[in-house]
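Trainee: Next up is a structure, given as structure tokens.
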Amino acid sequence: MGIEMTPGRWRHTCDYLDTVFGDQDDHLAGLMERAVAAGLPDIAISASVGRMLMGLARMVEARLIVEVGTLAGYSGIWLARGLAEGGKLITVEPNDLHAGFAESAFAEAGVGDRVDVVRGFGTPVLEQLASERAGGVDLVFLDAIKSEYPDYLPFAKALLRPGGLLVADNMLGGGDWWVDTPEGQSESRDAADRVNRLVAADADFEAFCVPIREGVMVARRK
Ligand SMILES: C[S@@+](CC[C@H](N)C(=O)[O-])C[C@H]1O[C@@H](n2cnc3c(N)ncnc32)[C@H](O)[C@@H]1O
């Protein structure tokens with residue numbers, strides 16, 4: 001019999017990971033508090049997921065990263081810090097309040113020159129980027145509208161170079177659903193499940209899902 005993952009144990013695990021692996025400077029530590037005070041929602045990744053993103057970017061020596069879903073720039077700062085010298089993060093955000101806040105946050109964290117915030121919706125911007133930079137991106141991070149993930153997938157795949165990484169948050173759960181929510185009750189759950197299965201079955205990817213927080217799927221483009 002396995003260990004029972006109670007809600008309390010899940011919370012403790014998240015806090016433990018953030019305490020042990022989530023060390024962060026003042027730019028990151030106070031960012032979401034400042035964002036919430038400015039009217040943004042408190043829905044960024046955790047510090048330990050941020051450290052994982054930075055580590056993954058460093059492992060592939062990322063020179064070009066595309067993120068979908070900027071919010072306040074919290075995950076973007078971790079990603080930008082993982083870039084190789086001279087690298088660039090393109091981060092996509094349709095909400096002007098979020099995009100403007102994030103631009104200031106990137107500048108304050110000292111990564112403003114490495115980040116382009118593109119104001120737009122994920123699917124058309126990814127389509128445009130895929131027509132311009134197919135095979136030229138080292139890491140794509142999806143963290144926007146979960147029900148749109150199946151639409152992002154073909155463009156994200158086209159963007160990645162061989163050896164590049166597709167990373168997606170909320171692949172096991174979100175605010176009001178978990179992967180064991182019955183099919184048909186949550187559009188987000190069904191979309192995440194579809195993308196997990198599509199990527200796992202895709203011979204062009206080597207994929208796994210890390211059950212950290214709400215689940216982070218990582219797939220290496222072969
Ligand atoms: C979960 S938050 C991103 C959190 C951020 N990655 C972080 O961890 O710091 C999702 C963001 O996606 C943005 N968004 C909403 N609709 C979108 C769309 N269709 N395409 C891209 N981004 C979208 C929201 O405005 C919000 O800022």
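Trainee: If I ask for residues that are exposed (fewer than 14 other Cβ atoms within 10 Å of the Cβ) and either touching a Pro at 6+ places or on another chain (Cβ under 9 Å) or under 19 Å from Asp18 (Cα atoms) (or both), which ones from the stretch 205-222 would you list?
Mentor: Matches in the stretch 205-222: Lys222 only.
Trainee: Further question on the same structure: Could you list, in sequence order, the residues of the stretch 5-42 that are assigned to a loop (DSSP other than H, G, I, E, B) and surrounded by 16 or more Cβ atoms within 10 Å (Cβ to Cβ)? Even if it seems obvious, please write down each step before you answer.
Mentor: From the stretch 5-42, those assigned to a loop (DSSP other than H, G, I, E, B) are 5-6, 22-25, 30, 38-42; that's our starting set.
Scanning the stretch 5-42 gives Gly22, Gln24, Leu40.
Rundown of residues vs (1) in a strand (DSSP E or B); (2) of a type in the set (A, V, I, L, M, F, W, C), yes/no style:
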| position | (1), (2) |
| --- | --- |
| Ala130 | no, yes |
| Phe141 | yes, yes |
| Tyr152 | no, no |
| Ala168 | yes, yes |
| Gln185 | no, no |
| Asn196 | no, no |
| Ala200 | no, yes |
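Trainee: Let me ask you something else. Being open to solvent by 60 Å² or more (accessible area, probe 1.4 Å) and in contact with a helix residue (DSSP H, G or I) (Cβ under 9 Å, 6 or more places away or on another chain) is the filter here, so list the residues in the stretch 105-126 that pass it.
Mentor: Taking the stretch 105-126 first, the residues open to solvent by 60 Å² or more (accessible area, probe 1.4 Å) are 107-108, 113-114, 116, 119, 121, 124.
Once the filter is applied, which keeps residues that are open to solvent by 60 Å² or more (accessible area, probe 1.4 Å) and in contact with a helix residue (DSSP H, G or I) (Cβ under 9 Å, 6 or more places away or on another chain), the stretch 105-126 yields Ala107, Glu108, Asp113, Arg114, Arg119, Phe121.
Trainee: Moving to a separate point now. In contact with a strand residue (DSSP E or B) (Cβ under 7 Å, 6 or more places away or on another chain), among the polar types (S, T, N, Q) and assigned to a helix (DSSP H, G or I): which single residue out of Ser75, Ser104, Ser48 fits that description? Don't jump to the end; show me each part of the working.
Mentor: Values: Ser104 fails: in contact with a strand residue (DSSP E or B) (Cβ under 7 Å, 6 or more places away or on another chain); Ser48 fails: in contact with a strand residue (DSSP E or B) (Cβ under 7 Å, 6 or more places away or on another chain).
Unique residue meeting the criteria: Ser75.
Trainee: Looking only at the stretch 79-98, which residues are open to solvent by 70 Å² or more (accessible area, probe 1.4 Å) and touching a residue at least 24 places away in the same chain (Cβ under 8 Å)?
Mentor: Residue satisfying the conditions is Leu97 alone.
Trainee: Could you please tell me which pairs satisfy a Cβ distance under 7 Å, a separation of 6+ or placement on different chains, a first residue in the stretch 9-36 that is more than 10 Å from Ser48 (Cβ to Cβ), and a second residue that is of a type in the set (D, E, K, R)?
Mentor: Partner pairs satisfying both residue conditions: His27/Glu108; Met32/Asp42; Val36/Asp42.
Trainee: For the stretch 99-131, give me the residue count where each residue is within 12 Å of the ligand (Cβ to nearest atom), touching a residue at least 40 places away in the same chain (Cβ under 8 Å), over 27 Å from Asp25 (Cβ atoms) and not β-branched (Val, Ile, Thr).
Mentor: 2
Trainee: Now for a different question. List pairs: first residue in the stretch 48-76 and under 17 Å from Asp113 (Cβ atoms) and open to solvent by less than 10 Å² (accessible area, probe 1.4 Å), second residue among the small types (Gly, Ala, Ser) and near the ligand (Cβ under 8 Å from one of its atoms) anywhere in the structure, Cβ distance under 8 angstrom, at least six positions apart or on different chains.
Mentor: If the second residue must be among the small types (Gly, Ala, Ser) and near the ligand (Cβ under 8 Å from one of its atoms), the pairs left are Glu67/Ser75; Glu67/Gly76; Thr70/Gly76.
Trainee: Exactly one condition in (1) under 15 Å from the mean Cα position of the chain (by Cα); (2) away from the ligand (no atom under 16 Å from the Cβ) is false for Glu183; which is it?
Mentor: (1)
Trainee: What are the residues in the stretch 145-167 that are in contact with a Ser or Thr (Cβ under 9 Å, 6 or more places away or on another chain) and within 13 Å of the ligand (Cβ to nearest atom), if any?
Mentor: Residues of the stretch 145-167 that are in contact with a Ser or Thr (Cβ under 9 Å, 6 or more places away or on another chain), as a first pass: 145-149, 151-152, 155, 158.
Hits for the stretch 145-167 are Ile145, Lys146, Ser147, Glu148, Tyr149, Asp151, Tyr152, Phe155.
The values are calculated or read from the model by the stated rules, or taken from the named source; none is laboratory data. Note that the structure is a prediction, hence the values are computed from the model and not measured. Quick reminder, even Gly has a Cβ in these numbers, built from the backbone with ideal geometry, and neighbours come from all protein chains shown. Side chains included, ligands, DNA and RNA excluded: accessible areas come from the protein's heavy atoms. Shrake-Rupley method; radii C 1.70, N 1.55, O 1.52, S 1.80 Å.
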